[in-house]
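**Student:** The following block contains the structure, expressed as structure tokens.
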Amino acid sequence: MVYRWLKVQHLSKLETVNVGVLNDLVKIFGIVACIILTPAHAFLTDSQYHVATEPEHLLLDSYTHWDSEADSDFFTYQRPIEWDGLWYRGTRVFDLSVGSISSKQFLYYQRLKLHHGLSESVEFRLHWLQERDFEEDRIAMPLELRFRLSERWFLSVLGQPSLYKSEDDVGFAVAFRPSDEREIQITGIWGDFQRNIRNLDTDEWGQAPQAWTLTSTDLSSEAGPSDFRRFEYHIEPKSIRTQNGVPVTSLSYQSLYLSGFKTRKNGHTLGYRIFADRAFHDDHVNTLVRLRHRSILQAEYGSRIGPHMFRPGFTFTYRENRINQHQEIHRAVLPYFWFEFPTRSKNFGISTWSVGYDATVFDRDSTLKSDDRALEHRLNLKSSLKFSKAGELAFLFTFDLDRFGSGETWEGGAGQFRLDF
């Protein structure tokens, strides 16, 4: 599927979609007005390639893995937000982040982007997208041909083939460039578009899955190659899978994502990431209704003090999970900072050491299990290297300050790598 992604879907039967989404948008834009001058780490990108066709793609049971340490792992191991700016600008880019999130699981993100002109008016685009953690597990390789219709207008046809024709996805995109640095695009995707006529099984779509995405990307910059502003609004109307004409499963999804990064002429940096979504799954056979609602805010400011860089930041998360009449709500506030020591030049590039600290205030209200309140403290170390020709490599090490000196001091770590080629 063009992006077998799990992020989650719409509302439950007891809520009105339009009113709920409108309330979310009002809250989000209120937050934006307050923190538009602050930055963060990268998160969910390229939603125009996403469409969910199976309940398993949404991981609506993922909240069972979430605890007071999960948010710290989740944000610490994200790609630096600067990498998103380089991702949007580049035509041949690869990056990955692999981090330990439990004794048996890794957070694993990697993506590859190849754009190559075939003629003056035709461009081939390939993306390899893989994101795996507690809340998503997606692997996809959408293929795209983009045609230049005029100086400012572009048309794309895209899709992802599969071994089974019933799982093929197809779509299109129309893009407009007001300037060389800005692009506005509308994308439509039809998931499993041949299921009803080329299916080895007996299930069919009563209402086929589709996804519509509006994106706006601004790469204008005054002082830094990583600067960008990005807006994504993504909606997947309710799809209905049937068996012998009887509804079996219903899915829907909706999300809003804003992110950006800016470098000032004095070397200071600003960035932000704001995300909200709703996911819905109705299991008609087992009379089971699942809902997940997430709101995530992250902001960071980088201040250069001589040869040093000080990066204070702040994150807030809200997760609401419902299964029929049961409900579980997670809230977490995570202030943090990073202090970068002066860079050192090597034969192979420039190396930097950083030390960081974060505190997680976690709260869980649940009708399924006992409530939980926790305050966690963590020490982070990071060693990064920018190679002289191309690419960056970083290693992160995390330590539990609440258990410091015991056998549980070591929390885990992560490795990150990016390359332009």
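Where a number appears in this text, it was derived from the coordinates with a stated rule and is not lab data. Just so we're clear, the structure is a prediction, and the values are computed from it rather than from any experiment. Please note: Cβ atoms are built from the backbone with ideal geometry, for glycine as well, and neighbour counts cover all protein chains shown.
**Student:** Among the numbered criteria (1) in a strand (DSSP E or B); (2) surrounded by 18 or more Cβ atoms within 10 Å (Cβ to Cβ); (3) out of contact with any strand residue (DSSP E or B) (no Cβ under 6 Å at 6 or more places or on another chain), which single criterion is violated by Glu183?
**Tutor:** (3)
**Student:** Next question, about the same structure. Name the single residue, out of those in segment 271-312 being polar (S, T, N, Q) and farther than 15 Å from Tyr257 by Cβ, that is surrounded by the most Cβ atoms within 10 Å (Cβ to Cβ). Reasoning before the result, please.
**Tutor:** Restricting attention to segment 271-312, the residues satisfying the condition of being polar (S, T, N, Q) are 286-287, 295, 298, 303.
Filter again for farther than 15 Å from Tyr257 by Cβ, leaving 286-287, 303.
Numbers: Asn286: 8, Thr287: 8, Ser303: 14.
Here the answer is Ser303.
**Student:** Could I ask something else about it? Which ranges mark the strands (runs of 3 or more DSSP E) fully within segment 314-421 that have 2 or more residues being crowded, with 16+ Cβ neighbours inside 10 Å and free of Cβ contacts under 8 Å to residues at least 60 places away in the same chain?
**Tutor:** Values: elements: 326-340, 344-346, 349-366, 372-387, 392-400, 410-420.
Hits in segment 314-421: 326-340, 349-366, 372-387, 392-400.
**Student:** Follow-up question, since we're still on this one. Looking for something part of a loop (DSSP other than H, G, I, E, B), closer than 28 Å to Glu54 by Cβ and touching a Pro at 6+ places or on another chain (Cβ under 9 Å) - is there at least one such residue anywhere in segment 207-224?
**Tutor:** Within segment 207-224 (the criterion being part of a loop (DSSP other than H, G, I, E, B), closer than 28 Å to Glu54 by Cβ and touching a Pro at 6+ places or on another chain (Cβ under 9 Å)), the answer is yes, since at least one residue qualifies.
Each row is one residue, and each column tells you yes or no for (1) within 24 Å of Asp201 (Cα to Cα); (2) among the β-branched types (Val, Ile, Thr); (3) within 24 Å of the chain's Cα centre (by Cα).
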| position | (1), (2), (3) |
| --- | --- |
| Leu129 | no, no, yes |
| Arg132 | no, no, yes |
| Ser156 | no, no, yes |
| Gly159 | yes, no, yes |
| Tyr164 | yes, no, no |
| Ala173 | no, no, yes |
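**Student:** Residue by residue through segment 236-248, note down the ones that are surrounded by fewer than 19 Cβ atoms within 10 Å (Cβ to Cβ) and either touching a strand residue (DSSP E or B) at 6+ places or on another chain (Cβ under 7 Å) or in a strand (DSSP E or B) (or both). Even if it seems obvious, please write down each step before you answer.
**Tutor:** Initially, segment 236-248 is screened for residues surrounded by fewer than 19 Cβ atoms within 10 Å (Cβ to Cβ), giving 237-238, 240, 242-248.
Of everything in segment 236-248, those that are surrounded by fewer than 19 Cβ atoms within 10 Å (Cβ to Cβ) and either touching a strand residue (DSSP E or B) at 6+ places or on another chain (Cβ under 7 Å) or in a strand (DSSP E or B) (or both) turn out to be Pro237, Lys238, Ile240, Thr242, Gln243, Val246, Pro247, Val248.
**Student:** Right, next: May I ask you to list the residues in segment 115-134 that are surrounded by 15 or more Cβ atoms within 10 Å (Cβ to Cβ) and either under 30 Å from Arg152 (Cα atoms) or without any contact (Cβ under 8 Å) to a residue 12 or more places away in the chain (or both)? Let's see the steps before the verdict.
**Tutor:** Our first condition is that a residue be surrounded by 15 or more Cβ atoms within 10 Å (Cβ to Cβ); within segment 115-134, this holds for 115, 123, 125, 127, 129-134.
Matches in segment 115-134: His115, Glu123, Arg125, His127, Leu129.
**Student:** Taking segment 85-101, which residues are charged (D, E, K, R), within 26 Å of Asn380 (Cα to Cα) and more than 16 Å from the chain's Cα centre (by Cα)? Don't jump to the end; show me each part of the working.
**Tutor:** Step one: filter segment 85-101 for residues charged (D, E, K, R), giving 89, 92, 95.
Next, from what is left, pick out any that are within 26 Å of Asn380 (Cα to Cα): 95.
Correct list: empty.
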